[in-house]
Amino acid sequence: MPVPHDIAAETELWDAYAESAFKDDAEPSFCWTQYPGHGPGPELLGNPETVLEIGCGTGRALAHLAQQGVKATGVDLSPRMVALAGEKWAPLGVRIEPGEILDWLGADEKRYDAVYSIFGAAWFTDPSRLFPLVRKHLVPGGVFVFSQPPAIPGAYGPQGMYKGGFAGKAMFTYRYSYRPAVWERHLLRAGFTSAEATVMDAPKAGHIGTLIVQARA
């Protein structure tokens with residue numbers, strides 16, 4: 001049974017996050033993991049001419065790609081984040097639009113060489129609804145890559161997450177966690193021709209790794 005996402009409440013949550021996460025002096029940067037300088041870089045996307053980042057947050061990854069000559073588009077649920085990041089990276093040619101990702105993809109008619117998510121919308125959206133839409137927005141041979149923390153053993157499916165601890169206004173969203181093989185099955189069911197999900201170890205033993213998932217249209 002689908003979980004009851006309250007998009008208005010989640011928008012408020014991510015607007016609050018934007019105020020603390022966005023730094024005006026930030027530089028373009030691309031990293032799939034939560035550890036700066038660790039793991040692969042944008043080469044996982046191949047050599048795209050066009051990319052779409054779903055849940056693009058601060059837009060630093062888009063800015064990095066735009067500096068390499070890629071036509072970079074991002075979507076984020078937070079109007080506040082879109083305003084901040086969109087203004088900062090517009091001189092590089094980055095385009096960032098506000099929107100709930102399922103609705104935005106349903107209305108968008110463009111196709112992209114690569115779609116990706118770095119701890120973004122692929123973590124916070126029902127994959128049974130998201131993945132078929134992503135597939136439709138990829139050119140033949142295009143790639144979909146996303147990263148996020150791996151599932152906690154035994155805790156699979158949608159997981160509720162409060163913002164700011166356990167006191168104050170109840171602001172929460174849902175994130176989705178599965179074993180690597182289950183992510184692969186979701187992608188193949190959505191029409192991708194190949195899918196590979198792996199967990200990359202953290203740079204320090206015993207620390208949280210990173211799930212990295214790659215699929216091809």
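The values are calculated or read from the model by the stated rules, or taken from the named source; none is laboratory data. The structure displayed is predicted, hence computed values, not measured ones. Heads up, the Cβs are rebuilt from the backbone with ideal geometry, glycines too, and the neighbour counts pull from every protein chain shown. Note: areas computed on protein heavy atoms with side chains; ligands, DNA, RNA excluded. Shrake-Rupley method; radii C 1.70, N 1.55, O 1.52, S 1.80 Å.
Can you check what the Kirkwood hydrodynamic radius comes to for segment 174-217, Cα pairs only, in Å to one decimal? Write out the running numbers ahead of the final one.
Numbers: mean 1/r = 0.0877 Å⁻¹.
Evaluated on segment 174-217, it is 11.4 Å.
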From the C-alpha coordinates alone, can you work out the Kirkwood hydrodynamic radius of the chain, in Å? 17.5 Å
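For segment 23-65, rounded, prolate or oblate, judged on the Cα gyration tensor with a ≥ b ≥ c (square roots of eigenvalues), a/c < 1.5 rounded, else prolate if a/b > b/c?
On the way: a/c = 1.85, a/b = 1.18, b/c = 1.57.
Judged from the Cα gyration tensor, segment 23-65 comes out oblate (a/c at least 1.5, b/c at or above a/b).
Say the cut-off is 19 Å between C-alpha atoms; which of Lys23/Lys204; Lys110/Lys136; Lys71/Lys110 go over it? Walk me through the numbers on the way to the answer.
Numbers: Lys23/Lys204 27 Å; Lys110/Lys136 9 Å; Lys71/Lys110 12 Å.
Beyond 19 Å: Lys23/Lys204.
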Size-normalised alpha-carbon gyration radius of segment 1-98, reference 2.2 N^0.38 Å: 1.12
How much accessible area per residue does segment 95-205 have, in Å², with a 1.4 Å probe? 50 Å²
What number comes out for the charge environment of Thr58, summing +1 per Lys or Arg and -1 per Asp or Glu over other residues with Cβ under 14 Å away? -4
Within the accessible area of segment 6-133, what % is carbon and sulfur when the probe is 1.4 Å and the other protein chains stay in place? 50 percent
So what's the projected area for segment 63-129, the Cα convex hull averaged over all directions, in nm²? 4.8 nm²
Interatomic Cα distance distribution for segment 1-40, bins of 10 angstrom, percent: 22, 30, 32, 15, 1
What percentage of all Cα-Cα pairs in segment 42-94 are separated by more than 18 Å? 22 percent
With Asp6 itself left out, Lys, Arg at +1 and Asp, Glu at -1 over residues whose Cβ is under 15 Å from its Cβ give -3
Within the under-13-Å Cβ sphere about Thr125, not counting Thr125, Lys/Arg +1 and Asp/Glu -1 give a net charge of -3
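Could you tell me which helices of the chain pass both thresholds, a Cα extent of 18 Å or more along their own axis and a mean Kyte-Doolittle hydropathy of at least -0.5, with helices taken as whole DSSP H runs? Could the numbers behind the result be given before it?
Values: long enough: 7-21 (20 Å, -0.03).
Those that clear 18 Å and a mean of -0.5 are 7-21.
What's the Kirkwood radius of segment 88-188 in Å, using all Cα pairs?
Computed over Cα pairs of segment 88-188, the Kirkwood hydrodynamic radius comes out at 15.4 Å.
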